[in-house]
Amino acid sequence: MWTYIGSTASGKQEGIHVGRWNAASGVIEDLRLAYACTQPSFQVTASLGSGMYLFSGHQPQETRAALSSFRVSGNGDLEMVNTIEVDDEPESFVQIALDRTHRVLVSVSYRSSKVRTFQVEPDGRLSQPVVEFTLHGSGPNVQRQAKSHSHGAVVSPDNKFVLINDLGTDKIMIYRLDPGTGKLEPNEPPFYKANPGSGPRHTTFHPNGTAAYAINELDSTITTMAWDAEHGSLHTLENTPTTAPDVDIATNRAGEVALDASGRFLYACNRGAVEELLDYNVSADGKLTLASRIPLDGKEARHFAISPDGKWLVVAEQFSNIVSVYQRDQASGALKPSGSRHSINNPSCISFA
């Protein structure tokens, strides 16, 4: 198994790195640059009929964005399948997501707030954009919400809906997905309205398909929502602070959110005022109880991913140039540092293949 790490460093080490994943020790071995590119953003991996593939956004020019498909070779190398280039601003393809059939890829761009879909052929080849539109609006935070900022994309468990987090307008947009064509149509209701100034960043679904969790970057909260799969609507159950009461949330940014495969444990992070991972217990009704705060050795947990066997959490500590591995107790959900740390300039995203 391979671990792929995006790096937004400037210079010759900028690009997508690969290392052999040692599931027994939680160590990434033989780490090397697999593909040199500028500002690689979010990446996803998927098994198609013809093999394992990695898809990643990057920024060949300041006003051009690229989305590339790679076939994963037997030694972990990335073999280019094709690249689609589009006009866009920096921080394009800030997140991408595959539908449940791995035949449609959805992308969002932070600065331009563009939303796109692409079809994925059985050989991994990407189509030109099927859908391309721009979100519009603003929010009460004049520094961060002067305009729309699409930041997260996720596909519903039944593959019928796509949710887009708009950090700039405090909305989670909801679209009906046609997995055969990649087309999106506004749902009715067309969006979920989050708390003013909260800044919803990313959303993840509970494995049981009845709840969803949005981490809100600007007010440092996690919103637990009931998901109505029939109508494609979200309803607030609770808002949970990610910070301790004495933390100044004006200087904090809540980051990533992920559930383990069982749905019993949720992980999140804080950046800025405090640098920490958060471990929550998830009750039968979907609500959260904080189990522990785990201080980071470094800064800016830009992204993290649970290993496929569920035993490890791998964290990209972007501002400290470190990828850290935490051991995960699958019975209790507790995390502890494993001592496995790997130097990469500005790591930004983690994925396994």
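Go through 279, 297 for me and flag whichever is modelled with pLDDT under 95, among the acidic types (Asp, Glu) and either in contact with a strand residue (DSSP E or B) (Cβ under 8 Å, 6 or more places away or on another chain) or under 16 Å from residue 257 (Cα atoms) (or both).
297
Before we move on, is residue 290 assigned to a strand (DSSP E or B) and either touching a helix residue (DSSP H, G or I) at 6+ places or on another chain (Cβ under 9 Å) or within 18 Å of residue 198 (Cβ to Cβ) (or both)? First the steps, then the outcome.
Numbers: assigned to a strand (DSSP E or B): yes; either touching a helix residue (DSSP H, G or I) at 6+ places or on another chain (Cβ under 9 Å) or within 18 Å of residue 198 (Cβ to Cβ) (or both): no.
Criteria not met by residue 290.
So, in the stretch 13-57, how many residues would count as being in contact with a Leu (Cβ under 8 Å, 6 or more places away or on another chain) and farther than 24 Å from residue 117 by Cβ?
Summing the residues that are in contact with a Leu (Cβ under 8 Å, 6 or more places away or on another chain) and farther than 24 Å from residue 117 by Cβ in the stretch 13-57 gives 6.
Has the stretch 37-56 got at least one residue that is surrounded by fewer than 19 Cβ atoms within 10 Å (Cβ to Cβ), out of contact with any Pro (no Cβ under 9 Å at 6 or more places or on another chain) and modelled with pLDDT under 95?
No, the stretch 37-56 contains no residue that is surrounded by fewer than 19 Cβ atoms within 10 Å (Cβ to Cβ), out of contact with any Pro (no Cβ under 9 Å at 6 or more places or on another chain) and modelled with pLDDT under 95.
Give the residue, chosen from 165, 141, that is within 20 Å of the chain's Cα centre (by Cα) and modelled with pLDDT of 95 or more.
Values: 141 fails: within 20 Å of the chain's Cα centre (by Cα).
Result: 165 is the single residue among 165, 141 that is within 20 Å of the chain's Cα centre (by Cα) and modelled with pLDDT of 95 or more.
Restricting the first residue to the stretch 95-111 and requiring it to be closer than 15 Å to residue 166 by Cα, which pairs with a second residue that is modelled with pLDDT of 95 or more and among the basic types (Lys, Arg) meet a Cβ separation below 6 Å and a spacing of at least six or different chains?
107/116
Taking interchain pairs and intrachain pairs at least six residues apart, which have beta carbon atoms under 8 angstrom, with the first residue in the stretch 236-251 and in a helix (DSSP H, G or I) and the second among the β-branched types (Val, Ile, Thr)?
249/243
How do the pairs read when you match residues in the stretch 304-332 that are assigned to a strand (DSSP E or B) and modelled with pLDDT of 95 or more with residues anywhere that are buried (at least 20 other Cβ atoms within 10 Å of the Cβ) and among the basic types (Lys, Arg), using Cβ under 9 Å and keeping only pairs 6 or more apart or on different chains?
306/328; 312/328; 313/328; 315/302; 316/302; 317/302
Got a sec? Which strands (runs of 3 or more DSSP E) wholly within the stretch 1-75 have at least 1 residues that are without any contact (Cβ under 8 Å) to a residue 12 or more places away in the chain?
Working: elements: 2-7, 15-22, 27-36, 43-48, 51-61, 64-72.
The qualifying strands (runs of 3 or more DSSP E) are 15-22, 27-36, 51-61.
The values are calculated or read from the model by the stated rules, or taken from the named source; none is laboratory data. Values in this document were obtained by computation on a predicted structure and should not be read as measured data. Because the Cβ atoms are built from the backbone with ideal geometry, glycine has one as well, and the counts that use them run over all protein chains shown.
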